Amino acid sequence: QVQLVESGGGLVQAGGSLRLSCAASGVSFTNYLMAWFRQAPGKERELAAYISSGGTTYYADSVKGRFAISRDNAKNTVYLQMNSLKPEDTAVYYCACRRIGVSKYEYWGQGTQVTVSS
C-alpha cells in the first residue's frame, strides 16, 4: 500500500520558519518525483515546489527564494524548508508524487495545515 504522511505543519509568526516532512512508504522512492502543493481557502491548488529523482528542483514564483525542497532517499522522505513565512503562505500543504514520465501525480498525502500569523 502506497502512503504519504505529512508532518511539521502548525502555527508560526510571520517571518518565521517551518519545515515540513513527507514520509513515503510502499513505493520505489528513487523512481518518483516528489512535490509539495498547497491550497488556501477559496483558492486553487498550487504547485509550490518539486524535486526530481536527479535533484532538479522547481519553485513557484510565490515561494522562490524563501522555500527549499530536498529529499533524503535513504529515509524515503521529502522536506520543504519554509523561511521568511508570510500570512499569504497560510494553506493546507500536500505531499504528492509521480513516476518519472507519468503526467499525473499518482499519490497524495492527506495534507498538513500551515498557518502564518501577522
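Scanning the stretch 71-89 for residues that are on the phi < 0 side of the Ramachandran plot, outside any strand (DSSP E or B) and either in contact (Cβ under 8 Å) with a residue 60 or more places away in the chain or crowded, with 19+ Cβ neighbours inside 10 Å (or both) turns up N83, L85, K86, P87, D89. Are any of the residues in the stretch 91-100 surrounded by fewer than 17 Cβ atoms within 10 Å (Cβ to Cβ) and outside any strand (DSSP E or B)? Taking every residue of the stretch 91-100 in turn, at least one turns out to be surrounded by fewer than 17 Cβ atoms within 10 Å (Cβ to Cβ) and outside any strand (DSSP E or B). Residues in the stretch 20-60 that are surrounded by fewer than 20 Cβ atoms within 10 Å (Cβ to Cβ), of a type in the set (V, I, T) and part of a strand (DSSP E or B): 1 in all. Look at the stretch 98-118: where a residue is touching a residue at least 24 places away in the same chain (Cβ under 8 Å) and a partner is among the basic types (K, R) and outside any strand (DSSP E or B), sitting 6+ places away or on another chain with Cβ atoms under 8 Å, you get R98/K104; V116/K86.
For every residue, the table says whether it meets (1) within 14 Å of the chain's Cα centre (by Cα); (2) at pLDDT 95 or above.
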position	(1), (2)
G55	no, no
M82	yes, yes
T90	yes, yes
C97	yes, yes
G101	no, no
T112	yes, yes
V116	no, yes
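Among the residues in the stretch 61-70, are any open to solvent by 60 Å² or more (accessible area, probe 1.4 Å), over 19 Å from S117 (Cβ atoms) and outside any loop (DSSP other than H, G, I, E, B)? Taking every residue of the stretch 61-70 in turn, none turns out to be open to solvent by 60 Å² or more (accessible area, probe 1.4 Å), over 19 Å from S117 (Cβ atoms) and outside any loop (DSSP other than H, G, I, E, B). Annotation note: Cβ proximity below 7 Å between a residue of the stretch 7-32 that is under 29 Å from E88 (Cα atoms) and a residue that is part of a loop (DSSP other than H, G, I, E, B) and open to solvent by less than 30 Å² (accessible area, probe 1.4 Å) (sequence gap 6+ or interchain) occurs for V12/L85; A14/L85; G15/L85; G16/L85; S17/L85; L18/L85; C22/G109.
Quick test for you: out of G26, G8, pick the one residue that is at positive phi and modelled with pLDDT of 95 or more. Write out each step before concluding.
Values: G26 fails: modelled with pLDDT of 95 or more.
Step by step, each of G26, G8 is checked, and only G8 is at positive phi and modelled with pLDDT of 95 or more.
The values are calculated or read from the model by the stated rules, or taken from the named source; none is laboratory data. Just so we're clear, the structure is a prediction, and the values are computed from it rather than from any experiment. Using ideal geometry, Cβ is built from the backbone for each residue, glycine included, and neighbour counts are taken over all protein chains shown. Note: areas computed on protein heavy atoms with side chains; ligands, DNA, RNA excluded. Shrake-Rupley method; radii C 1.70, N 1.55, O 1.52, S 1.80 Å.
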